[in-house]
């Protein structure tokens, strides 16, 4: 007698949940970008291949299987930015975080003497917001930003309220670009950053905001932008933009993202 019942184990439920979770995370990464159309096409192609294979259409199945064979390489090429963001999110877990690695394995307390002083940054952003002075500040975390720093001018200066405001003063030749902060220093100014390619990015936001989101899509850095038109303060992290923040909300959010 043929058993028509499907044997379902608890591991099967775990398997389904893991696949569902990965698909959801993948959709979250590509949502709002041009890659969502490519992802949809890949999924449809795979479904068609499964149907053709089940119907035993050997010629068509053979042709589609060639596309499937090179699918992994194609996905890596097409979704390289999204995969980078996905790996950054995984790498930012507490256990694998570079800053916590030694502590997790050796139970040693890390040195805190280079902890970033936020007061000059917060005060400068508030002043520039009130004066409608455009600014773009990137705070390095674990991802090395040396490549982007080399596109500007290396300063290696102490972080002060006056220094930040003078850099972004409209008549200063360094104002057109981003400041990169590394290890409690203004490492570089006038840096060129990549812009986000999101298709649903708000049209009323300019290139500073696009660059702020762009650099956080490629790294775990925190990007702060001050609008020259409206004076609003925005913060970007891991590709997400928090727009039009009050000084109090900005201070709280910045502290939160630095500790994440």
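The values are calculated or read from the model by the stated rules, or taken from the named source; none is laboratory data. Note that the coordinates shown come from a computational prediction; the quantities given were computed from them, not determined experimentally. In this analysis, Cβ positions are derived from the backbone assuming ideal geometry, glycine residues included, and neighbour counts consider all displayed protein chains.
Miscellaneous remarks
- All strands (runs of 3 or more DSSP E) inside the range 144-260 with 1 or more residues being more than 17 Å from residue 125 (Cβ to Cβ): 153-158, 178-182, 185-191, 240-245
- From the options 219, 234, residue that is within 20 Å of residue 193 (Cβ to Cβ) and at pLDDT 95 or above: 234
- All of 256, 183, 248 fail the test of being over 21 Å from the mean Cα position of the chain (by Cα) and either assigned by TED's automatic domain parsing to the domain that holds residue 139 or modelled with pLDDT under 95 (or both), apart from 248.
- Selection from the range 237-254 of residues that are over 14 Å from residue 206 (Cα atoms) and surrounded by 14 or more Cβ atoms within 10 Å (Cβ to Cβ): 237, 238, 239, 242, 245, 247, 250, 251, 253, 254
- Test: residue in the range 97-111 that is at pLDDT below 85 and surrounded by 16 or more Cβ atoms within 10 Å (Cβ to Cβ): yes
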